[in-house]
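Working notes, beginning with the structure itself.
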Amino acid sequence: MNVVIIGAQWGDEGKGKIVDYLARDAGIVVRFSGGANAGHTIVLSGTKYALHLVPSGILYSDKIVILGSGMVIDPEALFAELDGLKAKGIDWEGRVLISDRAHLVLPRYKDVDREMESNRKKPIGTTGRGIGVAYAFKASRDGIRIADIDDEDRLQNLGEEDKAFIAKWRGKLKPMATDLAAYISRHRNSWTLFEGAQGALLDIDTGTYPFVSSGMSCAAGAAAQGGIGPRRIDRILGVFKAYTTRVGNGPFPTEFKDDSPGSLSNYIRTTGNEYGVTTGRPRRCGYLDLVALRYACMVNSIDRLVLTHLDVYDALPEFEACVAYRIDGKVVEDFPASIRDLERAVPVLKKFDGWKTPISACQSWEELPTKAREYVEFIETFTETPISIVSVGSDRQQTIVRESPWTRF
Ligand code: IMP
């Protein structure tokens, strides 16, 4: 069975925790896109693991994790991350494979990334990890894939520094290289999780272009870049938070205007620990944008939603969520492509009563306060998509599963 998990907002929805949770029943976890720009946090028995390139199933000693064909991989970052895991007692050797169709991020790509940013009148706010540059080289057919690292013909256009860099990592990368499609096909009886990075609104095609990342973070990316075809996907899960955050620049209709100490924005950032895992940047915060979420469900054929960070709202007497936009006085119910429209969009907000009680110890749907359940049910009706998992804290245990994604419809 093949289950795809993507972010349904602008990234940082808590995918890492959910992939880690569901990986218990999987044999293989394939991360299909992005690179060291991602930051997936997993908390296990009080220990925090921050993953950037390594798929989130790595913490189980019996899982195979694969860096998929759509990824752009900086070997320096990858092996630093693997060394860090080893130092925390995670034995990864023999369990981490890399698709031989994945591309490399060479050190100079990061310099070009930063230089392009400084030349932009409106910077995107990239992570500076050379991601967009690696995808640009890939699209212009000048990228270097894992399969190419000992192919003299492919390397002949590179400068000496690039060649020396590849030579430094070749010996470590080669034993991990795998033909992903063949591997997945041979293990077709395993349960496989396909883990997206970033989120649907940061996808190069479905996102708020140009304020997006450059990879495929939409569900279709799993098919193009995860070693399977679209008809082999059994289930698509979209992860979203009870509110919305965004790092970097770009339109964000529900963003809180007031970010001063004591503001709701500040409260959510502190309570939800809304700081970038990769860059440490404070995340921009706002109410849940249901127009954007419904769009993400539609464009990705999301079968089931996974709601995270619901506990961040525990202390609030009331809160709101955006159910439409007003643009130049007109009510708009679909998510616009135009950045200018999105920047001018004024959210139409619906009020909800808070539950004013801690929910992190709740273990079942029935234990959740009525007001929390009403919020969840409103989202389901609005998006026409059932919410099958509700996360009420960062630990693995703090997860309410209403329907396992491993059950067939
Ligand atoms: P890049 O991926 O470094 O090119 O950055 C492009 C945009 O995507 C910037 O706004 C980044 O902040 C954002 N971004 C990239 N990766 C992530 C992520 O994992 N979570 C949230 N935002 C991200």
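Here are a few things to note about the model shown:
- Taking each residue as 0.36 nm, the span from residue 121 to residue 353 lengthens on full extension beyond its C-alpha to C-alpha distance by 79.3 nm.
- Label point distance in nm, residue 370-residue 344, each placed 7 Å from Cα along Cα→Cβ: 4.4 nm
- Mean ellipticity per residue at 222 nm, deg cm²/dmol - from DSSP H runs of n ≥ 4 across the chain, formula -39500 (n - 2.57): -8000 deg cm²/dmol
- Distance between the stretch 67-85 and the stretch 8-65 - C-alpha centres, whole angstrom: 13 Å
- The C-alpha atoms of the chain define a longest principal axis, and helix 290-300 lies at about 40 degrees to it.
- Normalised alpha carbon radius of gyration of the stretch 278-341 [divisor 2.2 N^0.38 Å]: 1.36
- Computed on the stretch 149-217, with alpha-carbon pairs under 8 angstrom and 6+ residues apart, the relative contact order is 17 percent.
- DSSP-defined beta bridges in the stretch 241-401 - what % are antiparallel, rounded to 5: 75 percent
- Measuring nothing but protein heavy atoms, the accessible surface of the stretch 208-327 at 1.4 Å probe radius is 53 percent carbon and sulfur.
- Sequence-separation-based contact order of the chain, relative, with Cα cut under 8 Å and 6+ spacing, percent: 19 percent
- Accessible surface of residue 275 - all protein chains present, 1.4 Å probe, nearest 10 Å²: 100 Å²
- For the stretch 319-388, the list of GluC sites (Glu not before Pro) that fall in a loop by DSSP and count at most 14 other C-beta atoms within 10 angstrom reads 333, 384.
- Residue-normalised convex hull volume from the C-alpha trace of the chain: 140 Å³ per residue.
- For residue 381 and residue 267, the difference between the fully extended length at 0.36 nm per residue and the C-alpha to C-alpha distance is 38.2 nm.
- Spin-label zone in the stretch 319-354 - amide nitrogen under 14 Å from a point set 7 Å from the Cα of residue 257 along the C-beta vector: 344-349
- Once the Cα gyration tensor of the stretch 241-401 is diagonalised, semi-axes √(5λ) in Å: 25, 19, 15
- Solvent exposure of residue 85, expressed as accessible area, is near 10 Å², computed with a probe of 1.4 Å over the protein chains only.
- On the beta carbon distance between residue 331 and residue 361, with R0 = 35 Å, the FRET formula returns roughly 0.30.
- Heavy-atom accessible area per residue - the stretch 254-302, 1.4 Å, Å²: 43 Å²
- Å² of accessible area per residue within the stretch 344-388, as computed with a 1.4 Å probe and no ligands counted: 53 Å²
- Note on residue 63: lysines with a C-alpha under 24 Å away, same-chain residues under 8 apart excluded, are 15, 17, 48, 86, 88, 172, 174.
- DSSP beta bridges fully contained in the stretch 9-124 are about 30 percent antiparallel.
- Across the alpha-carbon atoms of the stretch 1-154, the computed radius of gyration and Dmax are 16.1, 49 angstrom.
- DSSP bridge pairs, the chain: antiparallel proportion in percent, nearest 5: 40 percent
- Separation between Cα centres of the stretch 175-238 and the stretch 111-169, rounded to whole Å: 22 Å
- The stretch between residue 114 and residue 79, if pulled fully straight at 0.36 nm per residue, gains 10.3 nm over its current Cα-Cα span.
- Taking amide H positions as modeled 1.01 Å from N, with prolines and chain starts lacking one, the residues under 5 Å from residue 241 and 5 or more places away or on another chain are 308.
- Accessible area (Å², per residue) of the stretch 1-154, counting only protein heavy atoms and a probe of 1.4 Å: 36 Å²
- Carbon/sulfur fraction of accessible area - the stretch 1-134, other protein chains in place, 1.4 Å, %: 51 percent
- For the stretch 56-91, backbone nitrogen atoms closer than 18 Å to the point 7 Å from residue 161 Cα along Cα-to-C-beta are found at 74-77.
- Taking each of 330/351; 257/330; 122/351 in turn, the alpha-carbon distance tops 27 angstrom for 122/351.
- Note that the stretch 216-273 carries a Kirkwood radius of 14.6 Å, evaluated over its alpha carbons pair by pair.
The values are calculated or read from the model by the stated rules, or taken from the named source; none is laboratory data. Small disclaimer: the values here were computed from a predicted structure and weren't measured. With ideal geometry, Cβ positions are generated from the backbone for all residues, glycine too; neighbour counts draw on all protein chains shown. Quick note on the areas: whole protein, heavy atoms, side chains included, nothing else; ligands and nucleic acids left out. Shrake-Rupley method; radii C 1.70, N 1.55, O 1.52, S 1.80 Å.
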